[in-house]
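Take a look at the structure set out below.
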Amino acid sequence: MLSIIFFHFVLFLAGFIANILAALSGGGAGFVQLPVLLFLGLPFPMALGTHKVAVVALGLGSLASNHKLNDINWQIGRLMLFVGGICVALGSIIVVYISDFWAELILGIITCASAIYNIFKKNFGEQTHPEKYTKFELIVGSIFIGLVGLLSGSFSSGAGLFGIMVLVLWFRLSIKDAIFHSMIFVAFIWNFIGAFTIGSMGQINWEYVPMLTIGAFLGGLSGTKIIKHIKSKNIKKLFITVMFISGFMLIIKAYQLFVAEHPEFDFISQMLA
């Protein structure tokens, strides 16, 4: 009995910590929640699907924290809903054909490079977005959103962070507005689409979902309330930190995958031996 209670407490704690961090920085939930699911013995596709179902509650928590739908920029919202949503479904279907090693290595390098770039970009997340965008900005922006949607459907991490970068650097949203849009469209709508697509292939462990979902909802609710009282420059620092750690962990995961197939290149173990 105690072991069952402890097991579900671990699930709740993983969901809460992962999603309060995601609500504060705009991403990174997968680097806490997904490893816990893998540690508990779920295969990667099932862990990914279960993670996506739970993270949907992150967006619900954000909506429940006094945000209103009229706070959404619907020029961007329509692109994230239709272009991004379609690409999320495609990404969820093609994930089985992607090499985990190369995908995680490249994504990790790009994530770290992006974090370093944002360190030196002084006005990151502080600019005021225009009332309307040009057709060129919307077309190119839709391509960026489509690429992030493919990423969201294929992987457990990175989509929220890259989504915020697109919203800040291309659409010129403030960091707080970008995180809000990310919570609604990436965390809630995109993960719902991804979870539905993966779930249709029977890749969700429903036994784990209730406690993860409760943790995700409370984490999203708490994080979104806290963020209102934090200065934008501090949110930027947290965002960059999470992005750099996420990229570094992706590179480590890629290295572990590589040495699992090529143990002769496990230089770390050889040095410690």
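So which residues in region 167-189 are among the hydroxyl-bearing types (S, T, Y) and over 18 Å from K121 (Cβ atoms)?
S182
Condition first: within 15 Å of M165 (Cα to Cα) and hydroxyl-bearing (S, T, Y). Now tell me which residues in region 233-263 satisfy that.
T241, S246, listed by residue number.
Do we have N205 as in a loop (DSSP other than H, G, I, E, B) and modelled with pLDDT of 80 or more here?
Spelling it out, N205 is indeed in a loop (DSSP other than H, G, I, E, B) and modelled with pLDDT of 80 or more.
Would you pick out the residues in region 162-180 that are under 10 Å from I76 (Cβ atoms) and either without any contact (Cβ under 8 Å) to a residue 40 or more places away in the chain or surrounded by fewer than 24 Cβ atoms within 10 Å (Cβ to Cβ) (or both)?
Within region 162-180, V166, W170, F171, L173, D177 qualify.
Mind telling me which of the residues S62, S25, S3 ends up being at pLDDT below 75, more than 13 Å from the chain's Cα centre (by Cα), on the phi < 0 side of the Ramachandran plot and surrounded by 24 or more Cβ atoms within 10 Å (Cβ to Cβ)?
S62
Output the helices (runs of 4 or more DSSP H) that fall wholly within region 90-188 and possess 3 or more residues being modelled with pLDDT of 85 or more, or say none.
135-154, 159-169, 175-181
The values are calculated or read from the model by the stated rules, or taken from the named source; none is laboratory data. Predicted model only: the values in this text are computed from it and were never measured. Methodologically, a virtual Cβ is constructed for each residue, glycine included, from the backbone with ideal geometry; neighbour enumeration extends over all protein chains shown.
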